[in-house]
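The values are calculated or read from the model by the stated rules, or taken from the named source; none is laboratory data. In this text, all values refer to a predicted model and were calculated from it rather than measured experimentally. Heads up, the Cβs are rebuilt from the backbone with ideal geometry, glycines too, and the neighbour counts pull from every protein chain shown. Each accessible area value is taken on the protein alone, full model and side chains, heavy atoms only, with ligands, DNA and RNA left out. Shrake-Rupley method; radii C 1.70, N 1.55, O 1.52, S 1.80 Å.
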Amino acid sequence: MPHSVFILQVITKYDIEDTPRLTREVLSFVKRWCKPGMHAKRNIAYVIVTDETLHDLASRLWNDLIRLQELGSVERFFIQPAPDEVISDHGSVDALMHWMRAGRVEAWERNKAQDVRHRKRWHRRV
């Protein structure tokens, strides 16, 4: 499966400043290339590069995200494929746009022939 870029959007119940360990916890259970891409008062988005499908990624992260919800720090969360283009009020220097571009470069680098995992034994490396 080729690497793709996804966005995990987390809406918190409290201000981001009041949940200082949230980013550290999310980065610890994602276990893939992941960068916090944008944040607002109670909203933070992470850019993730992985070779999983959307449903595989969601099922792998589901228990940890539900646990954060049950602990009371997270109100809602969304996982979606990264869009091709985003327009922001900060223009091209927006952090989300920057990390989406960096994520696409990372996915492109990982999708090169020598880096792609061959899931079938009979596929030869090029």
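Only lysine pairs 8 or more places apart or on separate chains count here, and in the chain those with Cα atoms under 29 Å apart total 8. For segment 8-65, the fraction of 1.4 Å probe accessible surface lying on carbon and sulfur atoms is 51 percent.
Dividing the mean sequence gap of close Cα pairs (under 8 Å, 6+ apart) by how many residues the chain holds gives a relative contact order of 36 percent. For the pair ILE11 and THR53 in one chain, pulling the backbone fully straight at 0.36 nm per residue adds 12.9 nm over the alpha carbon distance.
Computed about the Cα centre, the dipole magnitude for the chain is approximately 860 debye when only Lys and Arg (+1) and Asp and Glu (-1) carry charge, each at its Cβ. When the charge dipole of segment 1-118 is built from unit charges on Cβ atoms (+1 for Lys and Arg, -1 for Asp and Glu) and taken about the Cα centre, the candidate among MET97, ILE87, ALA107 whose Cα reaches farthest toward its positive end is ALA107. Potential lengthening of the chain between HIS39 and THR23 amounts to 4.7 nm, from the contour at 0.36 nm per residue minus the alpha-carbon distance. In the full protein context, the chain carries 67 Å² of accessible surface per residue, based on a 1.4 Å probe and ignoring ligands, DNA and RNA.
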